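Read the figures in this text as sums done on the coordinates, not as results from a lab. These numbers come from a predicted model, not from an experiment. Cβ: placed from backbone, ideal geometry, glycine included. Neighbour counts: every protein chain shown.
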Amino acid sequence: MADALTKMRTWTPEQIASAAGARLVSPPATDAGPERVVVDSRQAGPGVLFVGLKGQSADGGRFASEALAAGAWGVLTTAGHAQAAQSGRAGGVLAAEDPLQALQRLATAWRRALGAKVIGVTGSTGKTSTKDLIGAVLTPHRRTVASRANFNTEIGLPLEVLAAPPASEVLVLEMGMRGSGQIAELAAIAEPDVGVIVSVGPVHLELLESVEAVAAAKAELIAALPPGGTAVIPAGEALLAPYLRKDVTTVTFADDGDVRLLASERDRVQIELHRRPVTLALSFTQTHLRRNLLAAVAAADAVGVTASGRVEVALTPGRGQRIGLPDGVTLIDDCYNANPMSMRAALDDLAQTAREGRRGRRLAILGDMLELGPGARGFHVEIGRHASEVGVDVLVTVGHLAQAMADGYRGEVHRVKGAAEAAAIVPDLLARDDVVLVKGSRGVGLELVCQALAGEGR
């Protein structure tokens, strides 16, 4: 991304400061603007604007002097740190009362300068894969930037906007949330033309308390759309009905939707798009990805692109990649996160993968699903029940909450306290041609299990 902000180099330091709502304390040695923006001082160097943000454990503004010493174009931080950084250092110094807000304002200014269409993507589950699918559908037709993994927060999203090359025609931005108001904050930065809500389900209930509140939080994306914008939502999602707008086009996907699946083969699908047939070749077979593809096709259509040809998608790490291991074992690495909706979909994918290859047993290494509030135990029991229904042969529960899965499961079960213990026992449980799913909430750290299987081998 070294040339990501080439056009921004035509902005003067004064214009950069104005766009960020900051004060130019001292100018850089050049009249040109920066090439890129970072919040990690270790990435600072020539052409870089370092923004010093205050975190939970450290204040990034303390490293402003180090960033300038590394040759940074300049630094943006609070007035106190700016004054300290200015002493005897070459490079621009910008001061703002709230550096995070300044970063966000700069991103919005860049988004407007690009003139690109922006697609915002959120959902209780499936938002990352849908973001990846939208990017895959659009890339053959438009210069497209899709946000990287984890860059879906009030810090990550503006960095992704600022990293978009000047020739970008479409930005596809994932928007994460844990509570109310967060999607609205992200949408205010990105100013999306199209809003995709992939799903609404029981996530973050410790903060939001009800699925209705989850729907309201997700619907902040609809509220942020401009008149004439497009909202892409699941067909029949009653929880979103109160938030639909007459001045925004609503497009539904899935069964009985405006975009729906007509026919599905192993490597090909036929989709009805507003009563027009669209045939696509696929690089994947997962059922839940085909549903998310419908949302991607709808989003692409909203920015003037009719999906065509082959959809080649590289899933973001930890989101369901299938990895071949020795002895014909297949690992489904879905360890990044989990909630009841995504856990059920992953178990269905495990069963489908085993059927496709006529392989051996089905093993599920399932960790705690966090932030589910008082009803957490019931959700875990239900997942154990679903594991039985789809034919899981061996279940390994990881963590205190996950133990409740065993109460709904009928079959061989192993209960362990944490990821390290799971990583120690799982390799010995596998046999030739098995299919193993690894999934749990991020806090469980189940990447240790995937590393034990794929990295160190068996």
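Observations
- The chain: Rg to Rh, with Rh as the Kirkwood radius over Cα pairs: 1.01
- Simple Cβ-charge dipole of the chain, Lys/Arg +1 and Asp/Glu -1, about Cα centre, in debye nearest 20: 600
- Ranking GLN182, ILE222, PRO166 by how far each Cα lies toward the positive end of the dipole of the range 115-311 (charges on Cβ) leaves PRO166 at the top.
- Between ALA29 and THR279, the modelled label-to-label distance comes to 6.2 nm, taking each label 7 Å out from Cα in the direction of the beta carbon.
- Spin-label model distance (nm) - ARG377 vs ASP428, 7 Å beyond Cα toward Cβ: 3.1
- Under the simplified labelling scheme, the LYS54-GLN101 pair shows an inter-label distance of 1.2 nm, with each label point 7 Å from Cα along Cα→Cβ.
- Net dipole in debye of the range 321-455 [+1 Lys, Arg Cβ; -1 Asp, Glu Cβ; about Cα centre; nearest 20]: 160
- Volume per residue of the C-alpha convex hull in the range 321-455, rounded to whole Å³: 84
- Gained length - VAL390 relative to LEU244, 0.36 nm times residue gap less alpha-carbon distance: 49.0 nm
- Packing order of peptides 416-423, 76-83, 124-131, highest average first: 124-131, 76-83, 416-423 (average count of other Cβ atoms within 10 Å over each peptide's residues).
- When Rg and the Kirkwood Rh are both derived from Cα coordinates, the Rg/Rh ratio for the range 1-85 amounts to 0.94.
- D_trans [Stokes-Einstein, Kirkwood Rh over alpha-carbon pairs] for the range 224-347, 25 °C, 0.890 mPa s, µm² s⁻¹: 151
- Helices in the chain, meaning DSSP H runs of at least 4 residues, each add -39500 (n - 2.57). Divided by all residues, the mean residue ellipticity at 222 nm is -9500 deg cm²/dmol.
- Centroid-to-centroid separation of the range 61-120 and the range 223-299 [C-alpha atoms, Å]: 39
- Label zone at GLU209 (point 7 Å along Cα-to-Cβ), backbone N below 18 Å, the range 372-394: 372-376
- Summing Cβ point charges (Lys, Arg +1; Asp, Glu -1) relative to the Cα centre of the range 7-97 gives a dipole of roughly 80 debye.
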